[in-house]
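Novice: Sharing a structure below in structure tokens format, with a few things to ask.
The values are calculated or read from the model by the stated rules, or taken from the named source; none is laboratory data. Keep in mind it's a predicted model, so treat the numbers as computed, not measured. Here Cβ is always computed from backbone atoms with ideal geometry, including for glycine, and neighbour counts include all displayed protein chains. Just the protein is used for accessible areas: all its heavy atoms, side chains included, with ligands, DNA and RNA removed. Shrake-Rupley method; radii C 1.70, N 1.55, O 1.52, S 1.80 Å.
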Amino acid sequence: MITKVTKDGFVWLIVGRDTAKAIYEKGEHELYVLDNGDAESLIEDENALDRALSSGLPIAMEVGFIKDLLPKCPMCDNVLTPSRNNGYDWECLECDSDFLTSEI
């Protein structure tokens, strides 16, 4: 699967035609059609799904904002970045600490 990140840092998971149909039929997740800009439209019914599938535009599920997906420092609550230091997974550039994933 492919992701799309909009200018504001929102992440979408692009799904294929067959996957979109299966997700819609299960009704467990909302699907959106993404236009060529950063706008999206909720697929609310079967007609909207059919239009989306025939439009050729990407159909996607929400993942969330990048900033909300990254772990936060247990010491200062700053967003962590992948560590540049061997033996650690994450580092905090604010308090200059390194962490293993199991520590956060």
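Novice: If you go through segment 59-98 one residue at a time, how many are among the aliphatic types (A, V, I, L, M), without any contact (Cβ under 8 Å) to a residue 60 or more places away in the chain and open to solvent by 60 Å² or more (accessible area, probe 1.4 Å)?
Specialist: 4
Novice: While we're looking at this one, here's another question. Hey, can you tell me all the residues within segment 59-104 that are within 30 Å of Val15 (Cβ to Cβ), acidic (Asp, Glu) and in a loop (DSSP other than H, G, I, E, B)?
Specialist: Hit for segment 59-104 is Asp89, nothing else.
Novice: Within the bounds of segment 37-58, is there any residue that is in a strand (DSSP E or B) and exposed (fewer than 15 other Cβ atoms within 10 Å of the Cβ)?
Specialist: The answer is yes, given that some residue of segment 37-58 is in a strand (DSSP E or B) and exposed (fewer than 15 other Cβ atoms within 10 Å of the Cβ).
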